[in-house]
């Protein structure tokens, strides 16, 4: 999985973040400098005339092309997003500390998208496709990213042959909700219930318009989901049950 700090950090035109290349996994993304373009937004420009204006009010939009640092790959990535003025303390020519502002930028979009977690090669295509859609939305809409990850969870249960419908007391066929489907997991997968329930709880919150999930919330989900995929398709033994149990006890993120 891509390091959390890399996924939540801003970059500058002269200082890249080492996002790994999703094509070769060996290189990292660097800016093609002649493609970088940014402009201050109209709302930000109008704010300069306000008598209480502060540099922190400034906002930018940007677009650029990143390339993979691995010359044997050289994949190209389109990116766009927003920016602001960040500050730091630097000494002037006389050694006097002063506050210095410089633009920093945060991505909303990458194409191709970054592969945020490792997906084992033998994961079914329908699950992989939902995860890739989730990765595409991670930077711009964490809640939408979670919804696609939740859809991947439904597909995982399909892969495990967990029933989707049942016959009720009125002899009618009805859908089984996600929570009950997880409860119906076969005994050989019972150790995964805590993990799958944690994904479900976060997924529920992503479906509520009044909830505003953060990147860190989605990263928690991805971390658990990566382990589930590893357990099911690579049979690795590492677990993160403690985090899953905490989410389940709270029935979501608190």
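Worth a mention:
- Evaluation of residue 162 against (1) outside any helix (DSSP H, G or I); (2) within 30 Å of residue 109 (Cα to Cα) (one fails), failing number: (2)
- The condition of being under 23 Å from residue 77 (Cβ atoms), assigned by TED's automatic domain parsing to the domain that holds residue 213 and part of a helix (DSSP H, G or I) does not hold for residue 143.
- Within region 178-192, considering residues that are surrounded by fewer than 16 Cβ atoms within 10 Å (Cβ to Cβ) and assigned to a helix (DSSP H, G or I), the one nearest to the chain's Cα centre (by Cα): 179
- In region 168-175 there is no residue that is touching a residue at least 24 places away in the same chain (Cβ under 8 Å) and under 23 Å from residue 207 (Cα atoms).
- Scan region 110-136 for residues that are part of a strand (DSSP E or B) and buried (at least 16 other Cβ atoms within 10 Å of the Cβ) and the total you get is 1.
The values are calculated or read from the model by the stated rules, or taken from the named source; none is laboratory data. Just so it is clear, the structure is predicted and the values come from calculations on it, not from any experiment. All Cβ positions, even for glycine, are placed from backbone atoms using ideal geometry, and neighbour counts span all protein chains on display.
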